[in-house]
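What follows is a short report on a single structure.
No value in this document is a laboratory result; all are computed from the given coordinates. None of the values given here were measured: they were computed from a predicted structure. We place every Cβ from the backbone using ideal geometry, glycine too, and count neighbours over all the protein chains shown.
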There are 2 protein chains.
Amino acid sequence: MANDKKMVREITPMDEDFAQWYTDIVKKAELIDYSSMRGCVIMRPYAQAIWENIQKIFDGMIKETGHENVAMPIFIPESLLNKEKDHVEGFAPEVAWVTHGGSEKLEERLCVRPTSETLFCEHYAHIIQSWRDLPKLYNQWCSVVRWEKTTRPFLRTREFWWQEGHTAHATEEDARKETLDILDLYEKLATEYLCMPVIKGRKTDREKFAGAMETYTIEAMMHDGKALQSGTSHYFGDGFAKAFGVQYTDKENKLQYVHQTSWGISTRLIGGIIMTHGDNEGLVLPPAIAPIQVVIVPVAAHKPGVLEKAAEIAETLKKAGLRVKLDDSDQSPGWKYAQYEMKGVPLRLEIGPRDIENGNCVLVRRDNREKTVVALDNLVESTQQMLKDFAKAIYEKAKANLEGNITPAHNIQEMKDILQKRVGFVKAMWCGDEHCEEVIKNETGMPSRCIPFEQEHIDDVCPVCGKPAKHMVIFGIAY
Amino acid sequence: MANDKKMVREITPMDEDFAQWYTDIVKKAELIDYSSMRGCVIMRPYAQAIWENIQKIFDGMIKETGHENVAMPIFIPESLLNKEKDHVEGFAPEVAWVTHGGSEKLEERLCVRPTSETLFCEHYAHIIQSWRDLPKLYNQWCSVVRWEKTTRPFLRTREFWWQEGHTAHATEEDARKETLDILDLYEKLATEYLCMPVIKGRKTDREKFAGAMETYTIEAMMHDGKALQSGTSHYFGDGFAKAFGVQYTDKENKLQYVHQTSWGISTRLIGGIIMTHGDNEGLVLPPAIAPIQVVIVPVAAHKPGVLEKAAEIAETLKKAGLRVKLDDSDQSPGWKYAQYEMKGVPLRLEIGPRDIENGNCVLVRRDNREKTVVALDNLVESTQQMLKDFAKAIYEKAKANLEGNITPAHNIQEMKDILQKRVGFVKAMWCGDEHCEEVIKNETGMPSRCIPFEQEHIDDVCPVCGKPAKHMVIFGIAY
């Protein structure tokens, strides 16, 4: 593309201005464009390809565990949204309202779905009659709309793309198990595929989803020490079932309410990938979701045999199931190096006349720029191994950042001091009283992120009220 | 499911009431449910799985030919929609308008996209600068909204799911080629995968897309002789480019307008599949898109070894890449037969103690109920071959229906007489004057379907005005 030359090597260093660094990557790696539809984004082919790879992985996981996809209407009539009190209070202030169809004023306003609990509940009330109909394990991939005031690409936009799972179960036990099973899948997706370490835990009541009894979360840490809530799984009990009349007859022929869950991950994961792995040269993409895993750059491409050999290598790697791009354009190798570094391609394969003579090529890793001379005879195995090493290395690096930036605190002053030095997570005890959580948030600016499953004993008492502590909580500033 | 027993064998015969037959299938095969969001539908897991199979096939085709997926905003500001005159006139009367975000009235109304030409054009104006940036071959999978008054599942609903391709090219020639290349892919999808024969042709000016210079179409014939427009591909010339300022500098450094196309297929294809292949027992699904290609029904399942053998067979077929379901529920075999016939599963595999003794099983075809005893040793090959035969047979049957119901007519009275006998397509000559087309529509109720690529000479003159004929046109009543 003509303007690619301008595109590369023009990125604000991370330490200088992290927010600008992020915005630069989003633009220069050609992830996002803007339109006159303010607050929304255009997912360009490269971002869409990343999202499709994430979708494919997670869709496979949930189908393997018996979930089925459906598609619900894009609109929710106001009266339907109003059926569950807590839920509507949480969402009504931030929905987009359709008031006219064609030239006619509608009798009832419709909101563009901010989430689809209400639609799923209405549907479940139709199709669930007996214990034989349970569980219902449904999911949909779609976009949802929330009328945000301030927006940032991937992290907070008026429209975003996600999956929303909605399940109905005969018993509380089954529903609770589903909630946590899904959280495990989210953890697996984040750690094994996105190379993004996370803390698993439960949200406090203050931070839980509107209408949920419990919300579980995976929380990741970005380069700048801020948190990214990366996936949530909600247990609803029978609250929605009662509001929507979702009942079944059990084996004893008694009428029972179902127990429900919902859970979601979204395109904000792409923002998480940028801020977990990216560097001052641009994106760094985990191999499992990289649209291009290996870019082949011919050196001295005009010399006889070079392009042919490059094409042959591309074919060999593709046949082995790798996502490969051969860039045989007339741009210089140096230009191409910068270009694909910006785009975060994990491996660059350089091949020139001398390499061909020696039966070799050069593989260069995006993360540490390490160059390895590799025998062409053994190329597929070497490449696959190097992608594995690459994934492990970026995961370990992110893990070190996470683990090195969680600091215990025994009182509010310590929390402030920690944040003063460097933004990160703070772990502290908590009595369980929402007021104390509120005090910490107001004084330090940090809301609670979660009550981690892996608890530690830091203190006997709550740092605010001095009463006996119930949990260790992670606090942190979040995107 | 508890209410499955009610579900099967309760379907209005096609000849008695075709519309009711269709509605019955949609419901009893568990394709669609309704919600309080009137005019929209819920795509249940079985319909969604069919759609995902169609998506996968067509997405593969377009990616192989260099197209890339993107995701555009769900909303179009009114001023953006207004930029191309013909286009806005075509769509403004049938869009849903968002007027409020949260509690605030918006400064400008937003429509929920009925189609996304305007958004793609705005984006192309941003990202296209030089001839090197062309072509841009973009597509998106999404749902769109059109505020229809009367709706029917799959065929006409206020929201439907589709793909919309939008491409920009340096020259008219390239854009015209793309328009027709895509039409070929649509034909391939319809005939080879959906077993649905189609007529390829060009729409008259009266029937073309709002803003297009030319619209091409594939037209299928349903059981009842009505037409289903099953996919359209539009050539825009530089009309949109001029309205939106989509320009590039050519190799001579001169500023030029791009030439554009757009093209789409939608979930109405599922309606087409129902009405092309379905019968009085329910759905009949083409193997390429059937969520279940082979259902295994154990006979005398309580006898030792039967369920084990059935599970073993299921594994074998799955490993061969087939989509298989083993129904080992406690329902009777007869109940299961009816159930999977309703769902249109192409092959039923029956296996009982005697079969196992003999090293056989029985395969039953959904379309003609033909039973074949098949050796277990050779099961994968037999099954694959039978699925191929099945696909060929339902295609040939649909082709016979199409070809047997296109009747030539030399005047309007003949057209009326033909329709009187049986609804079908009528082929007749046409002078090219929109007035004559209008007369035919008003007098016979048939709009033109297309000017087929395969022309015949039926007459020298137009049947309405008697002036020299330019084309042979297909007329027909359409969904």
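Data table
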| read-out | value |
| --- | --- |
| Dimensionless Rg/Rh of region B:276-398 - Kirkwood Rh, Rg from C-alpha atoms | 0.95 |
| Efficiency of FRET from Cβ geometry, residue A:412 and residue B:132, R₀ 45 Å, rounded to 0.05 | 0.20 |
| Rounded to whole Å, sorted largest first: equivalent-ellipsoid semi-axes of region B:29-277, Cα gyration tensor | 29, 24, 16 |
| For the protein assembly as shown, calculated [θ]222 nm from helices alone, where every DSSP H run of n ≥ 4 adds -39500 (n - 2.57) | -10500 deg cm²/dmol |
| Of A:254/B:343; B:319/B:388; B:56/B:399; A:336/B:254, those spanning more than 20 Å from alpha-carbon to alpha-carbon | A:254/B:343; B:56/B:399; A:336/B:254 |
| Neighbour cut-off at most 14 other Cβ (10 Å), DSSP loop, GluC sites (Glu not before Pro), region B:333-395 | B:370 |
| Positive minus negative residues near residue B:376 (Lys, Arg vs Asp, Glu; Cβ under 12 Å) | -4 |
| Whole-angstrom gap from region B:389-450 to region A:135-186, using each part's C-alpha centre | 49 Å |
| For chain A, the longest site-free run once trypsin sites (Lys or Arg not before Pro) in DSSP loop states with at most 11 other Cβ atoms within 10 Å are removed | A:1-148 |
| 5 Å-binned pair-distance histogram of region A:406-475 (Cα, whole percent) | 4, 20, 34, 28, 13, 2 |
| Helix B:434-444 vs. chain B, principal-axis angle (Cα, 0 to 90°, nearest 10) | 40 degrees |
| Nearest-first distances (nm) between copies at residue B:102, label 7 Å from Cα via Cβ | 3.4 |
| Computed Rg/Rh of region A:15-86, alpha carbon atoms with Kirkwood Rh | 1.13 |
| Angle in degrees between helix A:268-277 and the longest Cα principal axis of chain A, rounded to the nearest 10 | 50 degrees |
| Peptide A:122-133, shielding by other chains (average Cβ, 10 Å cutoff) | 3 |
| Interchain or long-range residues, amide H under 5 Å from residue B:40's placed H | B:158 |
| Rounded to 5, the percent of DSSP beta bridges in region A:294-386 classed as antiparallel | 55 percent |
| Anisotropy class of chain A from Cα gyration tensor, a/c 1.5 cut | prolate |
| For region A:292-301, Karplus couplings with θ = phi - 60° (6.51, -1.76, 1.60), whole Hz, Gly/Pro x | 10, 8, 9, 9, 9, 10, x, 9, 6, 5 |
| Distance in nm between pseudo-label sites at residue B:439 and residue B:377 (7 Å out along the Cβ direction from Cα) | 7.2 nm |
| Likely footprinting exposure, A:15, B:238, fewest C-beta neighbours within 10 Å first | A:15, B:238 |
| Label spacing, shortest first and in nm, from residue B:358 to its equivalents in the remaining copies (7 angstrom along Cα→Cβ) | 6.9 |
| Label-point gap, in nm, between residue A:255 and residue B:421 - each point 7 angstrom along Cα→Cβ | 5.9 nm |
| Sequence-distant residues sharing a close amide H with residue B:109 (under 5 Å, placed H) | B:78 |
| Order of B:472, A:275 - criterion: other Cβ atoms within 10 Å of each residue's Cβ, fewest first | B:472, A:275 |
| Among beta bridges that DSSP assigns inside region A:406-475, antiparallel share in %, nearest 5 | 75 percent |
| FRET efficiency, 1/(1 + (r/R0)^6) with R0 41 Å, evaluated for residue A:34 and residue B:396 via beta carbons | 0.20 |
| Theoretical gain in end-to-end length, residue A:307 to residue A:460 [0.36 nm per residue, Cα-Cα removed] | 48.2 nm |
| Computed over the protein assembly as shown, Cα set: Rg, Dmax in Å | 30.1, 99 |
| Karplus 3J(HN,Hα) series, Hz, for region B:250-260 with 6.51 cos²θ - 1.76 cosθ + 1.60 (x for Gly, Pro) | 7, 5, 8, 6, 9, 7, 10, 8, 6, 10, 10 |
| Beta bridge orientation in chain A: antiparallel %, DSSP, nearest 5 | 80 percent |
| Distance between modelled label sites at residue A:105 and residue B:105, nm, 7 Å Cα→Cβ extension | 1.1 nm |
| Shape call, region A:234-330: gyration tensor on alpha carbons, a/c limit 1.5 | prolate |
| Per-copy distances of the residue B:130 label point, shortest first, in nm (7 angstrom along Cα→Cβ) | 7.0 |
| For residue B:360, residues with placed amide H under 5 Å, excluding near neighbours | B:376 |
| Qualifying GluC sites (Glu not before Pro) for region A:410-476 [loop in DSSP, other Cβ within 10 Å: at most 13] | A:454, A:456 |
| Proxy reagent accessibility, fewest Cβ within 10 Å first, across A:382, A:79 | A:79, A:382 |
| Degrees separating the helix B:172-188 axis from the principal Cα axis of chain B, which is the longest one | 20 degrees |
| Shielding of B:107-116 by partner chains, average beta-carbon count, 10 Å | 2 |
| Neighbouring partner chain Cβ atoms per residue of B:64-71, average, 10 Å criterion | 5 |
| Residue-wise HN-Hα coupling along region B:317-327, computed from phi with Karplus coefficients 6.51, -1.76, 1.60 (Hz; x: Gly, Pro) | 5, 4, 4, 7, x, 8, 8, 10, 10, 9, 9 |
| Region A:295-346: projected area of the alpha-carbon convex hull, averaged over directions, in nm² | 3.5 nm² |
| In region B:1-91, the GluC sites (Glu not before Pro) that fall in loop regions by DSSP, at most 12 other Cβ within 10 Å | B:10, B:16 |
